[in-house]
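Notes follow once the structure below has been shown.
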Amino acid sequence: MAEKGDLKKVFNQHVQLEDFFTGFAVRPVRDKALGLTACEGPVSNGVKSDEPDVLYQSQDNDVIAELKQLAKEVDACRKCDLGNLRKNSVPGEGNPHAQIVFVGEGPGADEDAQGRPFVGRSGQLLDKIIVAMGLKRGDVYICNIIKCRPPENREPRPEEIISCLPYLKRQLSLIRPQIIVALGAPAAKTLLETNKPIGQLRGKFQDFYFDDFSPPIKLMPTFHPAYLLRNYSDENRRKVWEDMKTVLAELGLPIPKK
Ligand code: URA
């Protein structure tokens, strides 16, 4: 009986969570604000040129070409064992001139199967969060700290992160977003080179440095969608929404009312 009650509670919590991040009007793409040129249909910056939604053709073909080249290198990479263990590499996808880049931890089983980031349950929630922000998945760029799935979904090892991080840094230096959203502790801690807990980091912009010469990029740490799904509470979902509102405000984009 108790188990049944618990299941119902969990189910209701998930419904509430999903509701919270849906029900916002999907606004038209603000091409100017997002720095996009007219949409000329989807193009891929990964190796898989038949990817469905994602990208908008941009004027800067160099960036697209470099991102494609990077995706090829990622696919061929065997700097750590993960390259031999995964089905598909998951370099990342999205608008090559995105103002916002979302960075997660690493591909799971669904991402490994499709070679695309955030396409499983966490990805569905991330999509809802993006829509709740008045944006579309194709407006932003989505990628991970590591580009290959660790077996059994174990956490990436430090040496795997160290091998893979240069790919992410190159992606970020090509895209040059105004804001990076680090999804969850591993992404935030890796990019900020800190051991502070995500609960302490989230909610406030932090500085992400590529190198000693370039100016920093604003980084907003927030909870990972998988954490939200596992630890549903009104408080947690509101925290994520507050973080996303702070991101929109920083970019001067309208904040959808709930
Ligand atoms: N979780 C991540 O961190 N990244 C993905 O791509 C999917 C799930």
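The values are calculated or read from the model by the stated rules, or taken from the named source; none is laboratory data. Remember, predicted model here, so these are calculated numbers, not experimental data. All Cβ positions, even for glycine, are placed from backbone atoms using ideal geometry, and neighbour counts span all protein chains on display. Ligands, DNA and RNA are excluded from the accessible area calculation, which covers all protein heavy atoms including side chains. Shrake-Rupley method; radii C 1.70, N 1.55, O 1.52, S 1.80 Å.
Taken over the stretch 217-258, the residue count meeting the criterion of being over 22 Å from L192 (Cα atoms), open to solvent by 40 Å² or more (accessible area, probe 1.4 Å) and not small (G, A, S) is 9. Every test in (1) within 16 Å of the ligand (Cβ to nearest atom); (2) open to solvent by 30 Å² or more (accessible area, probe 1.4 Å) is passed by D207 save one, and that test is (1).
Highlighted here are the helices (runs of 4 or more DSSP H) found entirely within the stretch 96-202 that include at least 1 residues which are within 12 Å of the ligand (Cβ to nearest atom), crowded, with 23+ Cβ neighbours inside 10 Å and acidic (D, E): 109-114.
For the stretch 237-258, residues that are touching a strand residue (DSSP E or B) at 6+ places or on another chain (Cβ under 6 Å) and among the polar types (S, T, N, Q) total 0.
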